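Structure first, commentary second.
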Amino acid sequence: MDADPVAAVNPQRPVGVAIVDDHPVVIDGVRAWLATEPRLAVVATGDDPDEVLRKAPHADVVLLDLRLHGRMALDRLVGLGATGRRVVVYSEHTDPATMLAALDAGAAAFLAKHEGREHCVATVLAAASDRPYVPPALAGAMLGDPRPDRPALSDKEREALLLWFQSMSKASVARRMRISEHTVKQYVDRARIKYTRAGRPAATKAALLARAIEDGLVRPEEIGTYRSEASSNRPTP
């Protein structure tokens, strides 16, 4: 299923970003990075997700530190994801198990804190319009995942997934494949069902992309994972 964002991205205004981190120096640094991109605007910051979202309830993207006040915040990620919010996890904890667990919990993307401004800006812009963007650390976690039980996808299912990962809507995939949008949804849903039966559920677009890359069904370069969005047009809902 497609993301059901709390607030649709409006091409006539900057993408609103809420930053949740318990280190002021990190907030200041990320704010400075995002300020270099006119399509982004920081609308709230703080060290508590509830308080930050009270200040900016319609933020388009939440940039969330995975460790807050000495404890992992995966449970908070589950709650935020359940509301349909686009959450980008921003963390120094980059072991593959943690990164993939964040995607499984509902994150739109995972950004390592050692990755620079270009990847930060590109990841936030992509998340705002429900497009996949895989920074290097996350790509390594996906490609290196040793978990077995790869489901068998049909050629049409794989084609639909690949085009969906490259696109912003199932309608555009339907036009490209010359089939109905309902059929595209069926292909995507079938892939999700197969992964669930294999014990590797993929409830979000980001998690399904991770599964497809893990299993070699999609290559990172096929979706332009390392291409910067900094020079592209304003994101479209």
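The values are calculated or read from the model by the stated rules, or taken from the named source; none is laboratory data. What you see is a predicted model, and the numbers here were worked out from it, not measured in a lab. Cβ: placed from backbone, ideal geometry, glycine included. Neighbour counts: every protein chain shown. The accessibility values were calculated without ligands, DNA or RNA, using every heavy atom of the protein model including side chains. Shrake-Rupley method; radii C 1.70, N 1.55, O 1.52, S 1.80 Å.
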Fill in the blank from the handout: Note, region 186-194: 3J(HN,Hα) by Karplus (6.51, -1.76, 1.60, θ = phi - 60°), whole Hz, Gly/Pro = x, goes 4, 4, 5, 5, 4, 4, 4, 4, 5
Exercise for the section: Give, in nm to one decimal, the length gained when the segment between ARG150 and ASP22 is fully stretched (0.36 nm per residue of separation minus the Cα-Cα distance). Expected result: 42.2 nm
Handout entry: Cα-projected label distance for ARG117 with ARG176, points at 7 Å along beta-carbon direction, nm
Key = 3.2 nm
Handout entry: Computed label-point distance, nm, for sites ASP48 and ASP75 using a 7 Å Cα→Cβ extension
Key = 1.6 nm
Exercise for the section: Kindly write out, for region 60-77 in residue order, the coupling ³J(HN,Hα) from the Karplus curve 6.51 cos²θ - 1.76 cosθ + 1.60 (θ = phi - 60°), rounded to whole Hz, with x marking Gly and Pro. Expected result: 6, 9, 10, 9, 10, 5, 6, 10, 10, 6, x, 9, 5, 10, 4, 5, 5, 5
Problem - Stretchable slack from SER169 to THR196, in nm (0.36 nm times residue separation minus alpha-carbon distance) - result: 7.4 nm
Problem - Per residue solvent-accessible surface (Å²) - region 70-184, probe of 1.4 Å - result: 42 Å²
Practice task
Compute the length gained on full extension between LYS55 and ALA139: take 0.36 nm times their separation in residues and subtract their Cα-Cα distance, giving the result in nm to one decimal.
Solution key: 26.9 nm
Practice task
Quantify, in whole percent, the carbon and sulfur part of the accessible surface of region 158-207 (1.4 Å probe; protein heavy atoms only).
Solution key: 51 percent
Completion exercise
Checked region 29-156 against the a/c 1.5 cut and the a/b vs b/c comparison, axes a ≥ b ≥ c from its Cα gyration tensor; verdict prolate
Completion exercise
Scalar couplings 3J(HN,Hα) for region 134-142 by Karplus 6.51 cos²θ - 1.76 cosθ + 1.60 (θ = phi - 60°), nearest whole Hz, x for Gly and Pro, are 10, x, x, 5, 5, 4, x, 5, 5
Completion exercise
Non-local residues with an amide H under 5 Å from the amide H of THR94, with H modelled 1.01 Å from N and Pro and chain starts lacking one, are none
Problem - Sites ALA41 and ALA97 - FRET efficiency at Förster radius 41 Å, r taken between beta-carbons, to 0.05 - result: 0.75
